[in-house]
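Below is one structure, written out as structure tokens; the observations come after it.
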Amino acid sequence: MRQRLRVAAYAVCVRDGQILLARSPAPDGTPEWVVPGGGMEHGEDPYDTVRREVEEETGYRIEVTGLLGVDSSHRVFRNGFGPAVDHHAVRLVYEGRVIGGELRYEVNGSTDLAAWQDLDAVPALARISMVDIALRMWRERPLGS
């Protein structure tokens with residue numbers, strides 16, 4: 001069985017009652033909204049990862065204002081007829097504040113759309129579970145953060 005560890009960093013950017021999300025295209029199904037972020041490059045600092053990924057996916061430059069938490073996911077799955085994969089994902093979730101750039105869509109990347117979504121509308125969106133995990137961390141952050 002193949003083993004795979006993936007470390008990723010994501011940003012929760014909320015302003016004026018809206019959260020910044022990106023949309024992951026689904027060629028064989030319904031596109032899903034995701035928290036901007038993604039995998040770390042070898043040797044890359046997680047702060048650099050989250051800033052790079054947010055800019056790639058949304059066009060915005062962010063300031064990281066705090067670490068909201070760490071999420072870990074472990075599962076074994078089979079991809080077609082190949083060998084099973086023992087997949088472990090460690091996801092660092094940061095709070096971020098937009099400090100520059102302009103909203104735009106990623107071209108030829110992992111997402112195809114970026115948008116501010118009303119926090120109240122998130123439960124009705126087609127989204128991956130990481131959106132809910134990140135929002136829970138953001139809502140549970142200590143007062144004054």
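Scanning the stretch 89-105 for residues that are farther than 19 Å from Arg23 by Cβ and open to solvent by 50 Å² or more (accessible area, probe 1.4 Å), which turns out farthest from the chain's Cα centre (by Cα)?
Among them, the one singled out is Ile99.
Of all the strands (runs of 3 or more DSSP E) wholly in the stretch 1-81, which have at least 2 residues that are out of contact with any Lys or Arg (no Cβ under 8 Å at 6 or more places or on another chain) and surrounded by fewer than 21 Cβ atoms within 10 Å (Cβ to Cβ)? Steps first, answer last, please.
Numbers: elements: 2-12, 18-24, 32-34, 37-39, 60-78.
Counting at least 2 such residues, we get 2-12, 18-24, 60-78.
Could you check the stretch 106-139 and list, in sequence order, the residues that are of a type outside the set (Val, Ile, Thr), in a loop (DSSP other than H, G, I, E, B) and either crowded, with 17+ Cβ neighbours inside 10 Å or touching a residue at least 24 places away in the same chain (Cβ under 8 Å) (or both)?
Matches in the stretch 106-139: Glu106, Gly109, Ser110, Asp112, Leu125, Ala126.
The values are calculated or read from the model by the stated rules, or taken from the named source; none is laboratory data. The structure displayed is predicted, hence computed values, not measured ones. Every residue, glycine as well, gets a Cβ built from its backbone with ideal geometry; the counts of neighbours run over all protein chains shown. These area figures cover heavy atoms from the full protein model, side chains too; ligands, DNA and RNA do not enter into them. Shrake-Rupley method; radii C 1.70, N 1.55, O 1.52, S 1.80 Å.
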